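Since the structure comes first, as structure tokens, the remarks are kept for the end.
The values are calculated or read from the model by the stated rules, or taken from the named source; none is laboratory data. What you see is a predicted model, and the numbers here were worked out from it, not measured in a lab. Positions of Cβ are backbone-derived with ideal geometry, glycine not excepted, and every protein chain shown enters the neighbour counts. Each accessible area value is taken on the protein alone, full model and side chains, heavy atoms only, with ligands, DNA and RNA left out. Shrake-Rupley method; radii C 1.70, N 1.55, O 1.52, S 1.80 Å.
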Amino acid sequence: DAGVIQSPRHEVTEMGQEVTLRCKPISGHNSLFWYRQTMMRGLELLIYFNNNVPIDDSGMPEDRFSAKMPNASFSTLKIQPSEPRDSAVYFCASSLERPLHFGNGTRLTVT
Amino acid sequence: GDSVTQMEGPVTLSEEAFLTINCTYTATGYPSLFWYVQYPGEGLQLLLKATKADDKGSNKGFEATYRKETTSFHLEKGSVQVSDSAVYFCALAGNQFYFGTGTSLTVIP
């Protein structure tokens with residue numbers, strides 16, 4: 001079992017640039033979650049999908065953030081344009097029923 | 001709505017000390033409860049779980065009992081090691097997943 005795979009592990013970009021984070025869930029899992037983790041706000045749920053369909057995106061901070069899941073084995077989280085306050089670790093997690101299985105995250109730094 | 005409240009950190013213990021991290025929850029229905037652990041630079045890993053009242057989850061010397069009467073799921077370990085230094089998250093799975101704010105544990109030799 002390869003686990004949830006996220007790429008890149010680290011991303012450094014300048015303010016105003018577009019950033020795309022990628023996630024490959026565990027094969028057979030039907031739910032996928034995107035979280036953001038910061039020291040100030042802890043772990044925040046941004047959006048989750050069930051069977052590739054977005055179910056709840058109420059945690060997406062603003063229109064600059066968008067997420068897609070074109071098929072059962074791939075999802076992206078895009079930030080356009082990026083801002084320094086978007087700097088955080090972004091986690092993808094997947095599940096079949098419970099519990100959640102997390103990837104190792106993407107550490108995003110926006111300068 | 002559903003929620004999880006866990007003990008504020010950070011917690012610093014000497015090696016071989018007893019550990020308790022408190023977690024209480026609010027939920028409608030009968031949620032499943034979890035403890036996750038996060039080591040530096042890594043994602044959250046499932047440590048243990050309990051799916052119904054009075055269940056005890058255990059793993060790597062850690063234990064937690066699902067107490068419906070006190071709505072609690074406290075994490076315990078009898079003798080901590082330096083390698084247990086990490087952040088611990090209590091979580092609840094009802095209609096959605098809810099995580100606590102995390103408790104940082106540092107174990108010193």
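Just the accessible area per residue of segment A:28-71, please: how many Å² with a 1.4 Å probe?
Averaged over the residues of segment A:28-71, the accessible area is 54 Å².
Rounded to the nearest Å, what's the spacing between the alpha carbon centres of segment B:1-23 and segment A:96-111? Just the number, please.
23
What's the magnitude of the charge dipole for the protein assembly as shown around its Cα centre, counting Lys and Arg as +1 and Asp and Glu as -1 at the beta-carbon? Answer in Debye, nearest 20.
320
Between the DSSP loop rule and a limit of at most 13 other Cβ atoms within 10 Å, which GluC sites (Glu not before Pro) in segment A:6-36 are left?
A:E14, A:E18
Using θ = phi - 60° and the Karplus form 6.51 cos²θ - 1.76 cosθ + 1.60, what ³J(HN,Hα) does each residue of segment A:24-39 get, whole Hz, x for Gly and Pro?
Once rounded to whole Hz, the list reads 10, x, 5, 4, x, 6, 10, 10, 9, 10, 10, 10, 10, 10, 9, 5.
Which trypsin sites (Lys or Arg not before Pro) from segment B:27-109 combine a DSSP loop assignment with at most 16 other Cβ atoms within 10 Å?
Qualifying residues, ordered by number: B:K52, B:K60, B:K68.
Select from B:T24, B:G41, B:Y66 the residue farthest towards the positive end of the dipole of chain B; place +1 on Cβ of Lys and Arg, -1 on Cβ of Asp and Glu, and compute about the Cα centre.
About the Cα centre, the residue reaching furthest to the positive side is B:Y66.
For segment A:55-67, just list the computed ³J(HN,Hα) in residue order, Karplus coefficients 6.51, -1.76 and 1.60, θ = phi - 60°, integers in Hz, with x standing in for Gly and Pro.
Couplings: 9, 8, 10, 5, x, 5, x, 6, 5, 5, 9, 9, 9 Hz.
Using the Cα centre of chain A as the reference point, and only Cβ charges (+1 on K/R, -1 on D/E), how large is the resulting charge dipole? Debye, rounded to the nearest 20.
The calculated dipole for chain A is roughly 240 debye.
Roughly how many Å is it from the Cα centre of segment A:1-74 to that of segment B:25-75, as a whole number?
Cα centroid of segment A:1-74 versus Cα centroid of segment B:25-75: 25 Å apart.
I'd like to know which of A:H101, A:T20, A:Q80 lies farthest towards the positive end of the charge dipole of chain A, counting +1 on Cβ of Lys and Arg and -1 on Cβ of Asp and Glu.
A:H101
Just for the protein assembly as shown, what percent of DSSP beta bridges are antiparallel, to the closest 5?
Of the beta bridges lying entirely in the protein assembly as shown, close to 90 percent run antiparallel.
Give me the percent of the accessible area of chain B that comes from carbon and sulfur atoms, probe 1.4 Å, all protein chains in place.
That fraction is 49 percent.
Any idea what the alpha-carbon Rg over 2.2 N^0.38 Å comes to for chain B?
Compactness ratio reported: 1.01.
Would you grab the residues whose amide H sits under 5 Å from the one on B:E15? Only those 5+ places off in sequence or on another chain, please, with H modelled 1.01 Å from N.
Amide H to amide H, under 5 Å and 5 or more residues apart or across chains, B:E15 pairs with B:I108.
Using square roots of five times the C-alpha gyration tensor eigenvalues, list the equivalent-ellipsoid semi-axes of segment A:17-111 in whole Å, biggest first.
One finds semi-axes of 22, 14, 12 Å for segment A:17-111.
Return the sequence-ordered ³J(HN,Hα) values of segment A:78-93 in whole Hz as given by the Karplus equation 6.51 cos²θ - 1.76 cosθ + 1.60 applied to θ = phi - 60°, using x for Gly and Pro.
Going residue by residue, I get 10, 10, 8, x, 7, 10, x, 6, 7, 4, 5, 9, 9, 10, 10, 9 Hz, with x marking Gly and Pro.
Quick one: in the protein assembly as shown, what % of C-alpha pairs are over 30 Å apart?
Everything past 30 Å amounts to 25 percent.
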